[in-house]
Structures are given as structure tokens and as C-alpha cells.
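> Have a look at this one.
Each value in this text was obtained by applying a stated rule to the coordinates, not by laboratory testing. Here the structure is a predicted model, which means the values were calculated and not measured.
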Amino acid sequence: MAVIILIHTCVVVPPTLLLMLHADAGAIPYLVMTIFSFMILVSNLAVMPTRVTISIFVLSTIAHLMIVIYCLVG
């Protein structure tokens, strides 16, 4: 499950952060991104079942996509 941390921190988070900084998105998207990042870390470090870890990763990816859409539209 280390691949999930790698994909999240190297592929998903940097573009989201860049768009949030460029769009001056406010505090709420940062809070959502931080919560989902910690959820991924906790689920991996706690060695939760694969079903739970992958579900959290999918939810996190969807949340990041929603933040990107919010930054591009707003």
C-alpha cells in the first residue's frame, strides 16, 4: 500500500496545491486536503484492510478533483 502514499504525495497533491495557491482558494480547500491526506497516512500506517485503504484513497482523489474543479471554475 506504499504505492498509494507515493501516488498521493507525488501525483495528486502537488497539482492541487499549485492550483489552490494560484487561485487563492481560501481556507476550506486547504482544510479538506489536509484531512484527506491525514486519512490516507493513518489508514496506511495503521495497516487497515485493503478495502478500507483503497476506499479512502478513492474518496481523497475525488475530493482533490473537486478542489481542482472549484479552483478552475471559481
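> Which of these values of Cα Rg over 2.2 N^0.38 Å was calculated from the structure shown: (1) 1.90; (2) 1.21; (3) 1.10?
So the structure-derived entry is (3).
> For the chain, find the longest principal axis of its Cα atoms and tell me its angle to the long axis of helix 13-23, 0 to 90°, nearest 10.
Rounded to the nearest ten degrees, it is 20.
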